[in-house]
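*Asks:* Sharing a structure here in structure tokens format.
Derivation of every value follows stated rules applied to the coordinates shown; laboratory data play no part. Only a predicted model underlies this, so the values are computations on that prediction, with no experimental measurement involved. Backbone-built Cβ (ideal geometry, glycine too); neighbour counts: all protein chains shown.
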Amino acid sequence: MINSSYVSYFTLAAYFDTGLFKYLYFLLTMSLYILIVWANLLLIVVICMNRSLHEPMYLFLCSLFVNELFGSTGLFPFLLVQILSDIHTVSAPFCFMQIFCVYTYGSVEFTNLAVISYDRYIAICYPLQYHVHMTSSKVVLLIAVTWSVPFFAVFVTTLLSSSLQLCGNIINKVYCDNYYIIKLACYDTRLNNVYELVAVSLTVGVPVSIIFYTYIKILKVCFSGSKQTRQKAVSTCTPHLASLLNFSFGVSFEILQSRFDMSSVPNMLRILLPLYFLTCQPIFNPSL
């Protein structure tokens, strides 16, 4: 048995020799990161500087854009270093820090999308009482919950994983992943698995349930309401639904790649699919 405190580094086995193409991949990855930072930062500044945009919907969107910057920064600088490196290793503390950033990003994304769906539900189903329901104090509380619950849940996840006794240090991915760390454990990981189920239920299951509930209510109002109500619902909900579907597909790719044998899938595709929700969502949201 090797205690995780003595595993000073992890080897990322998904990388392969690309020769001189690594400089092209580096430029493409850096360009994407710059575009993500520029697009999300621009929208955050516009919302913060323009007082007419200090409405609940735009504040929730601002929180979403901040999360895109958070998730991207947890991944892209690391990828850029690894692309140019000939030895694809990462120190154990940094690996767990990246796990915390990536998992927190995913959890906050779901909770933020749930808050936006609740906001759209109030705006469409109770338009006259909207400002009564969505007060400034309630907006602050919702944003605080959006970030604090995932931060705490993922922090405990990372803490449990970092205390595992490991029998290896090879991760078959291009970035650190908690599921692969647990697979390296030497002994029973029942506690980790049970907590993972609770954490996923809290940070993914509950937000998705809220999204389903609010959209069922919105659809009922649309079918029973006027043409103007339906047009308002379509115009305000379409970007949110597009973002939700895009992120859900990306997370599905990641789960499928991690849980099933993908040896028959081309190498490059095995690398790109898990990266989809971390690279496409941060540029997809600002474009809506």
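*Asks:* Using only the alpha-carbon atoms, how far is helix 206-224 inclined from the longest principal axis of the chain? Give it as 0 to 90 degrees, nearest 10.
*Replies:* So the helix axis and the longest Cα principal axis differ by about 30 degrees.
*Asks:* Near LYS217, which lysines are there with a Cα under 22 Å away, not counting those fewer than 8 places off in the same chain?
*Replies:* Correct list for LYS217: LYS138, LYS227, LYS232.
*Asks:* For the stretch 45-160, what D do you get in µm² per second when you plug the Kirkwood radius from alpha-carbon pairs into Stokes-Einstein at 10 °C and 1.306 mPa s?
*Replies:* For these conditions, the coefficient is 99 µm²/s.
*Asks:* In the stretch 157-205, which chymotrypsin sites (Phe, Trp or Tyr not before Pro) fall in coil by DSSP and have 11 or fewer other Cβ atoms within 10 Å?
*Replies:* Those satisfying the criteria are TYR187.
*Asks:* Okay, next question. For the chain, take the longest principal axis of its alpha carbons; what is the angle in degrees between that and the long axis of helix 136-162, to the nearest 10 within 0 to 90?
*Replies:* Relative to the chain, helix 136-162 is tipped by roughly 20 degrees.
*Asks:* Same structure, new question: Hey, can you grab everything whose amide H is under 5 Å from the amide H of CYS186? Only 5+ residues off in sequence or another chain; H modelled, so Pro and N-termini drop out.
*Replies:* Those qualifying (amide H under 5 Å, at least 5 residues apart or on another chain) are GLN165, LEU166, CYS167.
*Asks:* Could you list, by residue number, the cysteines of the chain that have no other cysteine's beta carbon within less than 4.7 Å of their beta carbon?
*Replies:* CYS48, CYS62, CYS101, CYS125, CYS222, CYS237, CYS280
*Asks:* Give the long-range amide H neighbours of ASN172: residues separated by 5 or more places, or on another chain, with amide H under 5 Å away, using H modelled in the peptide plane at 1.01 Å from N.
*Replies:* It is ALA13, by chain and number.
*Asks:* What value in Å³ per residue do you get for the convex hull of the alpha-carbon atoms in the chain?
*Replies:* So the per-residue Cα hull volume is 142 Å³.
*Asks:* Go from 0 up to the bin containing the longest alpha carbon distance in the stretch 236-288, width 10 Å each, and give me the % of pairs per bin.
*Replies:* 25, 45, 23, 7, 0
*Asks:* May I ask for the angle, rounded to the nearest 10°, between helix 56-84 and the longest principal axis of the chain, with both axes built from Cα atoms and the value confined to 0 to 90°?
*Replies:* 20
*Asks:* Still on this structure, please answer the following. Can you tell me which of 203-211, 77-85, 216-224 comes out highest on packing, and rank the rest after it, using the mean Cβ neighbours within 10 Å?
*Replies:* Result, highest mean Cβ count within 10 Å first: 203-211, 77-85, 216-224.
*Asks:* In whole Hz, with x marking every Gly and Pro, tabulate ³J(HN,Hα) for the stretch 125-135 from phi via Karplus 6.51 cos²θ - 1.76 cosθ + 1.60, θ = phi - 60°.
*Replies:* Each residue's phi maps through the Karplus curve to give 7, 9, x, 6, 9, 4, 6, 6, 6, 9, 7 Hz.
*Asks:* Could you go through the stretch 188-193 in sequence order and give the Karplus-derived ³J(HN,Hα) for each residue, using 6.51 cos²θ - 1.76 cosθ + 1.60 with θ = phi - 60°, rounded to whole Hz, and x for Gly and Pro?
*Replies:* Each residue of the stretch 188-193 in turn: 4, 10, 4, 4, 4, 5 Hz.
*Asks:* Sort 23-34, 156-167 by the packing proxy (mean of other Cβ within 10 Å over each peptide's residues), most packed first.
*Replies:* Order by mean packing, descending: 156-167, 23-34.
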